[in-house]
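Some notes on the structure that comes next.
The values are calculated or read from the model by the stated rules, or taken from the named source; none is laboratory data. Here the structure is a predicted model, which means the values were calculated and not measured. Ideal geometry is used to build each Cβ from the backbone, glycine not excepted, and the neighbour counts take in all protein chains shown. The protein model used for the area step is the full one, side chains on, heavy atoms only, and it has no ligands, DNA or RNA in it. Shrake-Rupley method; radii C 1.70, N 1.55, O 1.52, S 1.80 Å.
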Amino acid sequence: MEKRKWMLKWIKTKGFKYSLVLIVILAAISLFAVFSWFRGSLSESILSTNYSFLEEATNQQAITIQTKLSGQWEQLTLYARIFENIPMADYAAVKEALNVTYGFGEFKRISVANDVGYVVNNDNTASGNILKQEYFKQAMEGKFSISSSPDVDEDGEEIFVLSIPIYQKEIVSGALLGTFNKASLQSLISEEVFGGNGTFYVVDSNGKIILTAKDGKIPENVDNFLEYMRRARIKNKTLEELANEIHQNKKGNMEYTIGNMERMAYYQTIPINDWVLVSVISKDFILQQSQEIGYLVAGLLIVIMLIVVFLMGYTFVVLHQRTKEMQNNESLQYRAERDSLTGLYNKIALEEHVTQKLTEIKEETESAFALYIIDLDNFKQVNDTLGHAFGDKVLCDAADCINRIFSMQDVLGRIGGDEFIALKDMANVPLKEREELIRKRAVLLCEDFCRTYMSQNTSIKVSASVGVALYGVHGTTFHDLYRNADKALYEAKNRGRNNCVIFHR
């Protein structure tokens, strides 16, 4: 019974209410933390899965392109047998043999080049000399090859040229060339990867874009992938590392940002002309998947969250009135202590706070505090000549200057008119350095607040005169320090104003 009475009594106390608030907050934080962890883990899992899928899609696309070209080379190999016993110098025989290939396969044109690069086409035309073309050189070395980038033929169409060697008695005597439109190779590049949210680029080892799925160019109208990457912020590697990996035909992946768009990319080599296939997908599309799943999970937690919100609302209602009263008291206290124009302490509050600071010190350490009196020179002339509105601005400028020079640990106030006071706390400054630092602050005040104010062709120079008294040396109470700092200020005025003086007996 006694235990029950004690519990009921405790429930009526503020401690119970605060405990209830704490429990509600901890429950809400825990739910949010679990949900955040789940979403983070889910995003990482989806990113990892999509990287794997992106790698697989890139591999499949590379196989598709390679298979297509391998089929074309096999077809050319069959045609090449026709020319095994035909002398390359016999133009008529070569031309007649070429007629057999006309209209077959997917090639737009099939041509024969002799060992010095002169070309005869199966449409009874000649294409000049290709002696300097790399694909011809490769064929004459006994290798299958394809032109490294699209050419433009007589019809104005972009084409690729496949080449294979023509052997006669086991000696390469020429090259058989197959020409096909770029569009037929471009059609192999899927435009539906990740539901149309991704695309592929075929680039060479220097980053030049050979093929794309859409219009032959990336959106920003750049024809070199590495140049395009200079505009991007790459997350997991440098541009130099990316360039080296592509140049060396290495596999890799990366995340990068263009403008506000985040993207993921995977790249791998196609064993043709050192080409590299780059697949790119919008990261937003992937993150959207995790968001959709996250929303489903959020739906399961919504009831619990509503309960938490309800309990927090209840707690807020209970504590709102008390908080409001405290805020009102703080606001009243602030208005009672502050100067309405500058926001610094007024005279009464300043004296109270300075006195409190001085009484809190454990021992009478020399120069533990410095009391500054700052008086504005020519302020009365500003009021009389430029008006009181201008005078208010000068006072606010002076307050800003004082706030900049002193710290939050110092006590700053305006005690009336154009006179300000600052109590500098020197407790954390080594004893030997205190007086020099105090002097530097006074000089800085004079230098910082030396300004000229103008209105309607009238200018008035306003400066500051500063008097300083040191705690323990010139007094230990507010009134002692104020009296001696005021004498130092009077001396600063006598020295011509815009001056600072530390009191001396």
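Just to be sure, is ASN244 at positive phi and not in a strand (DSSP E or B)?
no
Can you name the residue in segment 193-216 that is closer than 13 Å to ALA57 by Cβ and at pLDDT 75 or above and, of all such residues, is surrounded by the most Cβ atoms within 10 Å (Cβ to Cβ)?
GLY198
Hey, any hits in segment 222-230 for a residue that's open to solvent by 50 Å² or more (accessible area, probe 1.4 Å), assigned to a loop (DSSP other than H, G, I, E, B) and either touching a Pro at 6+ places or on another chain (Cβ under 8 Å) or at pLDDT below 85 (or both)?
Yes - at least one qualifying residue is present in segment 222-230.
So, of the residues in segment 51-76 that are of a type in the set (Val, Ile, Thr) and without any contact (Cβ under 8 Å) to a residue 12 or more places away in the chain, which turns out to be nearest to LYS108 (Cα to Cα)?
THR67
Could you tell me whether VAL394 is in contact with a Leu (Cβ under 6 Å, 6 or more places away or on another chain) and either over 22 Å from ASN499 (Cβ atoms) or modelled with pLDDT of 85 or more (or both)?
no
All but one of (1) assigned to a loop (DSSP other than H, G, I, E, B); (2) on the phi < 0 side of the Ramachandran plot; (3) more than 58 Å from the chain's Cα centre (by Cα) hold for LEU131, so report the exception by its number.
Condition not satisfied by LEU131: (3).
Have a look at GLY472, GLY417 and point out the one that is surrounded by fewer than 21 Cβ atoms within 10 Å (Cβ to Cβ), at positive phi and out of contact with any helix residue (DSSP H, G or I) (no Cβ under 8 Å at 6 or more places or on another chain).
Step by step, each of GLY472, GLY417 is checked, and only GLY472 is surrounded by fewer than 21 Cβ atoms within 10 Å (Cβ to Cβ), at positive phi and out of contact with any helix residue (DSSP H, G or I) (no Cβ under 8 Å at 6 or more places or on another chain).
Output yes when any residue across segment 393-410 is over 41 Å from the mean Cα position of the chain (by Cα) and assigned to a helix (DSSP H, G or I), and no when none is.
Yes: one or more hits.
Within segment 185-192, does at least one residue satisfy the condition of being polar (S, T, N, Q) and at pLDDT 80 or above?
no
Identify the single condition in (1) under 19 Å from TYR167 (Cα atoms); (2) touching a residue at least 60 places away in the same chain (Cβ under 8 Å) that GLY117 does not satisfy, given that it satisfies every other one.
Result: GLY117 fails condition (2) only.
Scan segment 390-399 for residues that are of a type in the set (A, V, I, L, M, F, W, C) and closer than 14 Å to MET454 by Cβ and report the count.
2
Which one of these is more than 19 Å from LEU395 (Cβ to Cβ), of a type outside the set (A, V, I, L, M) and crowded, with 17+ Cβ neighbours inside 10 Å: ASN499, ASN494, ASN457?
ASN499
For segment 93-128, which positions are outside any loop (DSSP other than H, G, I, E, B) and surrounded by fewer than 17 Cβ atoms within 10 Å (Cβ to Cβ)?
Scanning segment 93-128 gives ALA93, LYS95, GLU96, ASN99, VAL100, ALA126, GLY128.
For MET88, only one of the following conditions fails: (1) open to solvent by less than 50 Å² (accessible area, probe 1.4 Å); (2) modelled with pLDDT under 80; (3) part of a loop (DSSP other than H, G, I, E, B). What is its number?
(2)
Regarding segment 420-431, can at least one residue be identified that is closer than 19 Å to ILE361 by Cα, open to solvent by 50 Å² or more (accessible area, probe 1.4 Å) and in contact (Cβ under 8 Å) with a residue 40 or more places away in the chain?
Among the residues of segment 420-431, at least one is closer than 19 Å to ILE361 by Cα, open to solvent by 50 Å² or more (accessible area, probe 1.4 Å) and in contact (Cβ under 8 Å) with a residue 40 or more places away in the chain, which makes the answer yes.
Any residue in segment 164-178 that is open to solvent by 10 Å² or more (accessible area, probe 1.4 Å), closer than 18 Å to ILE65 by Cα, in a strand (DSSP E or B) and at pLDDT 85 or above?
Within segment 164-178 (the criterion being open to solvent by 10 Å² or more (accessible area, probe 1.4 Å), closer than 18 Å to ILE65 by Cα, in a strand (DSSP E or B) and at pLDDT 85 or above), the answer is no, since none of the residues qualifies.
Would you check if ILE281 is modelled with pLDDT of 65 or more and on the phi < 0 side of the Ramachandran plot?
Criteria met by ILE281.
For segment 461-497, which positions are in a loop (DSSP other than H, G, I, E, B) and over 23 Å from ARG451 (Cβ atoms)?
Matches in segment 461-497: TYR471, GLY472, VAL473, HIS474, GLY475, THR476, THR477.
Could you please find all residues in segment 416-445 being at pLDDT below 90, over 43 Å from the mean Cα position of the chain (by Cα) and assigned to a strand (DSSP E or B)?
Residue satisfying the conditions is GLY416 alone.
Please specify each residue of segment 346-379 satisfying the condition of being touching a residue at least 24 places away in the same chain (Cβ under 8 Å), in a helix (DSSP H, G or I) and not polar (S, T, N, Q).
LYS347, ALA349, LEU350, GLU351, HIS353, VAL354, LYS357, LEU358, PHE379 - these are the residues of segment 346-379 that are touching a residue at least 24 places away in the same chain (Cβ under 8 Å), in a helix (DSSP H, G or I) and not polar (S, T, N, Q).
Please work out which one of (1) farther than 12 Å from ARG414 by Cα; (2) acidic (Asp, Glu); (3) at pLDDT 65 or above is the condition GLU364 fails and give its number.
Result: GLU364 fails condition (3) only.
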